[in-house]
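Right, one structure below, let's go through it.
What follows is calculated from the coordinates using simple rules that are stated; it is not laboratory data. Please read all numbers here as calculations on a predicted model, not as lab measurements. Cβ atoms come from the backbone with ideal geometry, glycine included; neighbour counts cover every protein chain shown.
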Amino acid sequence: MSRVCQVTGKKPMKGHLVSHANNKTIRTFEPNLHYRRFWLETQNRWVRLRVSTAGLRRIDKLGVEAVLAEIKAKSAKSARKG
């Protein structure tokens with residue numbers, strides 16, 4: 001499974017690991033992902049998401065229902081476009 005946040009869309013980035021001698025080697029910056037279960041009161045069920053810490057803060061701020069509605073709208077929009 002790819003390391004992508006289902007809320008924010010964060011993915012691994014590439015960058016350089018720079019030594020003291022200024023030698024540069026490629027490294028990856030991985031997002032801080034966690035599997036979390038969220039209770040949906042309206043549907044009376046659990047939803048399991050793989051979210052970054054930024055995604056968790058967004059869910060805390062807006063609520064699970066609003067964030068899931070955004071995800072569905074974004075996926076529907078990309079399905080129509082592609």
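The table below gives the values:
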{"quantity": "Relative contact order of the chain, defined on C-alpha pairs under 8 angstrom at six or more residues apart (%)", "calculated": "26 percent"}
{"quantity": "Candidate values (i) 12.7; (ii) 14.8; (iii) 15.3, label of the one derived for Kirkwood radius over Cα pairs in Å", "calculated": "(ii)"}
{"quantity": "Where GluC sites (Glu not before Pro) fall in DSSP loop in region 20-82, at most 11 other Cβ within 10 Å", "calculated": "Glu41"}
{"quantity": "Label point 7 Å beyond Cα of Leu40 along Cβ direction - residues of region 1-17 with amide nitrogen under 20 Å", "calculated": "5-9"}
{"quantity": "Dipole magnitude of the chain about its Cα centre (Cβ charges: Lys, Arg +1; Asp, Glu -1), debye to nearest 20", "calculated": "300 debye"}
{"quantity": "Order of Ser2, Ser78, Ser52 under a 10 Å beta carbon neighbour criterion, fewest first", "calculated": "Ser2, Ser78, Ser52"}
{"quantity": "Sequence-distant aspartates and glutamates (8 or more away, or on other chains) whose Cα lies within less than 19 Å of Lys10", "calculated": "Glu30, Asp60, Glu70"}
{"quantity": "Dipole of the chain, positive direction: furthest Cα of Leu62, Gln43, Met13, with charges on the beta-carbon", "calculated": "Met13"}
{"quantity": "Choice from Ala54, Ala69, Ala21 showing the highest fluctuation, given a GNM over the chain with Cα pairs closer than 10 Å", "calculated": "Ala21"}
{"quantity": "Extended-chain gain in nm, criterion 0.36 nm per residue less alpha-carbon gap, Lys74 and Ser19", "calculated": "15.7 nm"}
{"quantity": "Gain upon complete extension [Lys81, Glu30; 0.36 nm per residue less C-alpha separation]", "calculated": "15.5 nm"}
